[in-house]
Every structure is written in structure tokens, then in C-alpha cells.
Ligand code: SF4
């Protein structure tokens, strides 16, 4: 038996922040409290703010605030949210500011009716649309791109489904919306399917979620994924499918598989853990490095490390341990706060890594500072060699679809080649997956890999002006 000695260091809690998590539930008793539990399963997608709106078929009440779910809601607060329909949101601010007006659900109360909106993703033509809407008299409450759909719906003619169709056809970029009126619920996915949205059955009702891991917590059964360019309408009669555009392709964000999603989620019906494990196997396929053990950086890299170990036949060990009870320090909303040291604790297990040649598997390298600290941590704990293996390609270009890598400055692989990066992080060797291997690893070609190959699936409008020519 090993006596576990460990060296600790502080590294940034998260390398990249995902944009948001959406959850909706329809025709289910205590809908708000079920939504609260559903959102708990999505809390990894956003920790800055959260909210729930519920409907009793005649009124919609919304409660939201900055903070984690456990900070914003308790039983007394949830009890105020009556009704059998509800939508909820957990938020990480990407492009728009972290102000209370931007916290979702966003409410629209108008003489034509009221509705609540939750959104995951980023609208790339938001500046153009907002300018046009403001020119035509719209007054925005927030700085969030998510509010644009409310104004577009208000301005469109016809029944609610026609208004949503018209609005969705004007939006470009990454979006998965859930819209709740007093008595209906709608799920909408962008025409490239960049962000996930799945529908499940729960008793006589339905639930809609950004990730399928939220089905388990409320005991719902997966029914289907909303397809790119599709609107689903949920009423007491069931689910209606409406294709708002046939100009579609399937470009799920590769980072959902690599890093964002929980391993127990199925994204477009591919299990995230299985995809990561397969990527780790491919990473090991032609690797001739001589090493004693394989370790993964907790948590998102553990599946890939397992796959690497299986293919390489090197033993998989627990060389790094994450402190799970970091509470509020888990919130890392701005680069300034990251630099100012709101950090989590990661420990290297000395008795496992000492005098060992280690393959350290990680999911990605963003700024490089986290990898550098972890390599140093392992060496301080006695590792004789640290060979870093990354289960994705170098991140060379910004994301405009709701992930907070919006400038080249944030991406070290945009400036350094692999050898220079290896030297920067202090590793003994460094290897990435090729882009083709990422498709193979994730069992699908239906991926956006724009931040790895600069091929963006949409026009970028004014956001694209920062791209290198
Ligand atoms: S650019 Fe990268 S992070 Fe953004 S949606 Fe595409 S794969 Fe995901």
C-alpha cells in the first residue's frame, strides 16, 4: 500500500469557459423544483448566474440572480415558482457583460402575450441586428445577444410559431433556445447544430436540455435531439416538429466532446466519455514515447488518459488529484480575476509520480500557463520526465460561437509552434492529435473544428474583423 504524499499547487480552475446551460420542463408537477435539479446537472456549463421562470398556464413568474444555484435558490424561493411548466438557465458570460440585466431567463411582457427565453450560444450577426432593431424603435434592457430574439419575435407577424420561424431565420451563429409562453414550450436549434439540445419524456410531460446528463437527475428518458434548423413545439397534444430552414449542415462544437460536456452526456447520441476515451487511444496509437505510467488532468482528461493507457499498455495511475470542494473559487469569469488568483487547488501524488517517466494526458492547451504549472508541479513531486499528450489539436483561432476564446492573445498555439510550446510548458515532449484524428476520435465528421483549422461554418459579420488575414 502506498502512503499518499502529495505536492499541491494552485492552477486556474477552468481553461476555457463554456457559455451556458438551458433546461425546460413541460406538464410536470412542481416544474420549478424539477428545473432546479435539472440545472444542477448543468452547473458545469455556467457558474456566474442562474434563473428559473415558471408558468401556471396563466402567469409567468421569473426569479434570477448572480451566483450558483445553491446561492440563488432555496425551498422558499422555489415554492414561489408555481405551475407545471418551467425554463431555467445557468450562465457564464462570454461576449456580454456580467450584469443582472443579462441574467436569464429573459422575460418579454407585451400586449401580444408574454414569454421567457433561455439561450445557449452566440449570435454572430447580433451587432448588425441590434443596430437595425434600435433604429426601428426597439429599446433593449440588456447587453446580451440573447435578447435579440425577443425583439425579432415581437416584430414578426402571425402566430407564435410563425414569429419564432421568422426570428430564427434572421439569426446567424450558434444558438439553442428554449422559449416558454404561458401554455407552450419551444426548442430551437441553429442551422449548423453548433450547440446541443435534446428532448426527453417524463411521465405525461417533456423536458428539454442542453445536455442529456440532466435527464437522469429528473428521471426523464431521452426521446430525440432537436435537429439543425428545427423548431419543436410542445403543447398538451404532444410535440410538433417544424423545420424553419432547409439550409442546414451539422457542425456540433468539437469542444463539447473534448472539454465542455459531462462524460455521462450523449451529444448528438455519441457518449462523451466514449469519445474522449477513443481520442486517447488514437493519441497513443503511434506514440513511441518510453514511460512508466499514464495520468490524466482531472476531470475532463481522465477518459482520454484511460484510452491512452489501454492502447499503450502503460498503467493508468491517479497522479493528480483535484480538490472538489472549492465552492465559490470555482467561478472564474474574467481574465483579470483569473490573474488575481481566484484559483483551485490541484495536488500531485508524490508517492505515485516520484522517479517516474510520466505521460500526462490533457484535453487541450489554451493559454499554456495551466499546463506549465502542472508540469512543474509533477516535477516538484519527483517525476523524472513529463511527456504531455493533448487529446485535441492546437487551438490556433478564436471562437465566435459562445466560447470565451475570442482573441488570438488568449491562444498560445496561435503564437508558438509545438516545439516552442513544449519548451514553454517545460515538458520533455509534447504531442497533439491531428484534426482528422479528432473526427475519428469523436466518431463523427459532423463537427465544427474552426478554432483548430480556421474554417468557420458561418459568416462572421463584424466579429470576423479580428481574424488574421
Ligand atoms: S470554434 Fe471551436 S469552440 Fe467554437 S464552436 Fe467551433 S469547435 Fe467549438
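The values are calculated or read from the model by the stated rules, or taken from the named source; none is laboratory data. These numbers were taken from a predicted model, which means no experiment stands behind them. Glycine gets a Cβ as well: all are built from the backbone with ideal geometry, and neighbour counts include every protein chain shown.
General remarks:
- Checking residue 421 against (1) within 16 Å of the ligand (Cβ to nearest atom); (2) touching a helix residue (DSSP H, G or I) at 6+ places or on another chain (Cβ under 7 Å); (3) part of a helix (DSSP H, G or I), the condition it does not meet: (1)
- Test result for residue 399, more than 21 Å from the chain's Cα centre (by Cα) and touching a residue at least 12 places away in the same chain (Cβ under 8 Å): no
- Condition met for residue 257 (modelled with pLDDT of 95 or more and more than 16 Å from the ligand (Cβ to nearest atom)): no
- Members of segment 438-469 that are more than 15 Å from the ligand (Cβ to nearest atom), in a helix (DSSP H, G or I) and over 25 Å from residue 172 (Cα atoms): 440
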